[in-house]
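Here the structure comes first, spelled out in structure tokens, and everything after it is commentary.
The values are calculated or read from the model by the stated rules, or taken from the named source; none is laboratory data. All figures in this text were calculated on a predicted structure; none of them were measured in a lab. Methodologically, a virtual Cβ is constructed for each residue, glycine included, from the backbone with ideal geometry; neighbour enumeration extends over all protein chains shown.
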Amino acid sequence: MEKLLAAPRKWWRRFKFRRKNRSLAMDIVLVVLLGGVGFISIWPLLYIINAAFKPISEIFLFPPRLFVQNPTMNNFFDLSVIIADLNVIFSRYVFNTVVITLLGTGGTVLIGSMAAFPLAKYKFPGSKFMSNAIVYSLMFNGTVTAIPNYIIMTRLHLVNSYWAVILPVIGGTFGLYLMQNFIVQVPDELIEAAKIDGMSEYKIFFKIIMPLSKPAWITLIILSFQSFWGNTGGTFLYSERLKPVSYMLSQVVSGGIARTGAASAVTLVMMLVPIIVFVISQSNVLETMATSGLKG
Amino acid sequence: MKKVMKKRMTVQEAWRLHRQKYILMLPFIVLFIVFTLVPVLVSIGLSFTSFNLFETPQFVGFRNYINLIAFDPVFLTAIKNTMLFAIVTGPASYLLCFVLAWLINELPPKVRAVMTLVFYAPSISGGAYMIWKLIFSSDAYGYANAMLMKMGLIQEPLLWFQTKEYIMPILIIVQLWLSIGVSFLAFIAGLQNVDRTLYEAGQVDGVKNRWQELWYITLPQMKPQLMFGAVMQITNSLSVSAISLDLVGFPSVDYAGHTILTHLHDYGNLRLEMGYACAIATLLFFIMIFINIIVQKLLRKVA
């Protein structure tokens, strides 16, 4: 009897990831829990992937089916025909998206982190006020600030330029607040030691703070990329030549029932890029774990 | 010595002592003032006016607030719904995000990467929650109706989004499903920051199982991320509007899916009564600050 009980334990122990202080029974409960929630979460992803490859007859099939029966690439061909017919060349939309996303994400991470460092690690006149202002401004809803924002944009002659989309996000406090909560954890001793070595605050920021808060800014890159990628420019970009891909694709979707096939291809394409960025970045977050031991 | 320290610094002194810090913060502060602080202050100012976007705002004092609290029964429904919503989804999704992040952290790296994507999937594409419209479709072909009818639990399809008893539970389920987002990612990143050696030291000190490990080592180490997650949950669970507008429509049956933000949407985007809309936003702002203070106090006690 004892042997029987001992056998599976040994078998489990072979996995390197297992730490001490873990019981098999609890592990099983947890795996079941993860599987259950995962099953519910994965639904939309499966649906979108399947819909993109469904022929028109299956898209309108009643009752609807989740999985595609006769996969086809037709939806993507339809989409490419629509794209080829556009007034503005497709690469122009791509260019706009790349500029907005790169400048926006880079700016959010860099400018936000630069401001987060002093607020997280030092007390100085104004620091308390700024910290509070940052948390509280997260709580003011964007619907009503849109109008003052638009007036400010017009006064600064920023409307219909990339900056109209990028700057308000960088001036928002989400990124900074995220970074601040991670930079707090960088040990004070390291900063003190760096100061004794004669490092300036700027150097400390780039040489110590940023490398040690890598999981944080990679997470911020994911979130920021996602929001810039989905940004259609709204009222801030009205000339067609400045519109991003997401706007063009949303126009395809709103083209009515005749474009249902192309629309489901669009949904997949729109989702694919953030997923790729997510997977690459997230594997970096998880990788840092192996090398981190930097605390204390 | 202490008295000297407490004396207020002059601007020159502060600049001389902390110049590099202010320079690091400068680009952000400029953008923050122009694109966040000023618009928020202007909006709060507008809440004391009557403003329809076309004519100059007329100062009306506290009239918007008085109307809102005393003479707008729909707003009271909105507050009631929002609070119910926040009380259920806020803590639940906070726990869900943390528990999932913590469990994922135990898995081998490859599996962990896949599972992170799986859990984050609902948040990755903006309109993914529209799938719930298919599930709770009101005809016999909706997934929920089809399943219940097959099981013989109901004879006729239920009108999910048109029955006031079902609206709130459905919205809560969708919100919970959708809420594994920002906080979840922040917790995952935060768990990477916990020093491995602490776990080994804990074993020496007599930490016996994963629960003790969680309570004595992981949670205290993740305090900043837990605070961050709390703020995110408060703002998200009190700012529900898109799922209500898109799933049950506006206005919902008997205002069953009406929240503070759909009320704001009504006055800000449909009726163009911006002064009133700003008053709603300002009131919500103070509600959130108040709840935030309470939650932060509670969390400090726990950690």
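A few remarks follow.
- Test: residue in the stretch A:64-73 that is in a helix (DSSP H, G or I), more than 30 Å from residue A:220 (Cβ to Cβ) and not assigned by TED's automatic domain parsing to the domain that holds residue A:261: no
- The condition (being modelled with pLDDT under 80 and in a helix (DSSP H, G or I)) is satisfied by just one residue among A:34, A:45, A:5: A:5.
- When the residues of the stretch B:1-55 are filtered to those that are aromatic (Phe, Trp, Tyr) and more than 27 Å from residue B:279 (Cβ to Cβ), the one that is modelled with the lowest pLDDT is B:15.
- Qualifying residue in the stretch B:29-47 (condition: under 29 Å from the mean Cα position of the chain (by Cα), part of a loop (DSSP other than H, G, I, E, B) and within 14 Å of chain A (Cβ to nearest Cβ)): yes
- Close pairs (7 angstrom Cβ cut-off, 6 or more residues apart or separate chains): within 14 Å of residue B:267 (Cα to Cα) in the stretch B:47-73, surrounded by fewer than 15 Cβ atoms within 10 Å (Cβ to Cβ) and aliphatic (A, V, I, L, M) anywhere: B:52/B:272; B:53/B:272
- Subset of the stretch A:149-162 [touching a residue at least 60 places away in the same chain (Cβ under 8 Å), aliphatic (A, V, I, L, M) and part of a helix (DSSP H, G or I)]: A:153
- The test for being at negative phi and either within 12 Å of chain A (Cβ to nearest Cβ) or of a type in the set (Asp, Glu) (or both) holds for residue B:52.
- Selected residue [buried (at least 16 other Cβ atoms within 10 Å of the Cβ) and away from chain B (no Cβ under 14 Å)] from A:90, A:76, A:140: A:76
- Residues (within 12 Å of another protein chain (Cβ to nearest Cβ), of a type in the set (A, V, I, L, M) and either in contact (Cβ under 8 Å) with a residue 12 or more places away in the chain or crowded, with 18+ Cβ neighbours inside 10 Å (or both)) located in the stretch A:60-73: A:66
- Residues in the stretch B:244-254 that are buried (at least 20 other Cβ atoms within 10 Å of the Cβ) and either among the β-branched types (Val, Ile, Thr) or at positive phi (or both): B:248 alone.
- Candidates are the residues of the stretch A:234-253 that are part of a loop (DSSP other than H, G, I, E, B) and of a type outside the set (Ser, Thr, Tyr); the one that is surrounded by the most Cβ atoms within 10 Å (Cβ to Cβ) is A:244.
- Test: residue B:77 is in a loop (DSSP other than H, G, I, E, B) and more than 8 Å from chain A (Cβ to nearest Cβ): no
- Qualifying residue in the stretch A:239-253 (condition: over 15 Å from residue A:86 (Cα atoms) and either assigned by TED's automatic domain parsing to the domain that holds residue A:161 or in contact with a Gly (Cβ under 6 Å, 6 or more places away or on another chain) (or both)): no
- Within the stretch B:74-113, the set of residues being at pLDDT below 90 and either closer than 15 Å to residue B:259 by Cβ or surrounded by fewer than 16 Cβ atoms within 10 Å (Cβ to Cβ) (or both) comprises B:108, B:109, B:110, B:111.
- Residue A:184 modelled with pLDDT of 90 or more and under 24 Å from residue A:95 (Cα atoms): no
- Residue pairs meeting the criteria (Cβ under 7 Å; at least 6 apart or on separate chains; first over 12 Å from residue B:18 (Cβ atoms) and in the same structural domain as residue A:206 (by TED's automatic domain parsing), in the stretch A:112-130; second of a type in the set (S, T, N, Q) and surrounded by 19 or more Cβ atoms within 10 Å (Cβ to Cβ)): A:116/A:180; A:120/A:180
- Listed by position, the helices (runs of 4 or more DSSP H) inside the stretch B:196-287 whose residues that are more than 7 Å from chain A (Cβ to nearest Cβ) and of a type outside the set (Lys, Arg) number at least 3 are B:196-204, B:223-238, B:260-265.
- Members of the stretch A:199-228 found to be assigned to a helix (DSSP H, G or I), within 11 Å of another protein chain (Cβ to nearest Cβ), of a type outside the set (Lys, Arg) and surrounded by fewer than 19 Cβ atoms within 10 Å (Cβ to Cβ), listed by number: A:202, A:206, A:227
- Meets criteria (under 30 Å from residue B:286 (Cβ atoms) and of a type outside the set (A, V, I, L, M)) for residue B:221: no
- Of residues in the stretch A:24-57 being closer than 19 Å to residue A:262 by Cβ and not hydrophobic (A, V, I, L, M, F, W, C), the one surrounded by the fewest Cβ atoms within 10 Å (Cβ to Cβ): A:57
Every residue, every condition in (1) without any contact (Cβ under 8 Å) to a residue 40 or more places away in the chain; (2) under 18 Å from the mean Cα position of the chain (by Cα); (3) not assigned by TED's automatic domain parsing to the domain that holds residue A:274, yes or no:
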site	(1), (2), (3)
A:139	yes, no, no
A:143	yes, no, no
A:147	yes, no, no
A:164	no, no, no
A:175	no, yes, no
A:188	no, no, no
A:201	no, no, no
A:214	no, yes, no
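- Near pairs, Cβ below 6 angstrom, 6+ apart or cross-chain, from the stretch B:139-156 (among the acidic types (Asp, Glu)) to any residue that is surrounded by fewer than 11 Cβ atoms within 10 Å (Cβ to Cβ): none
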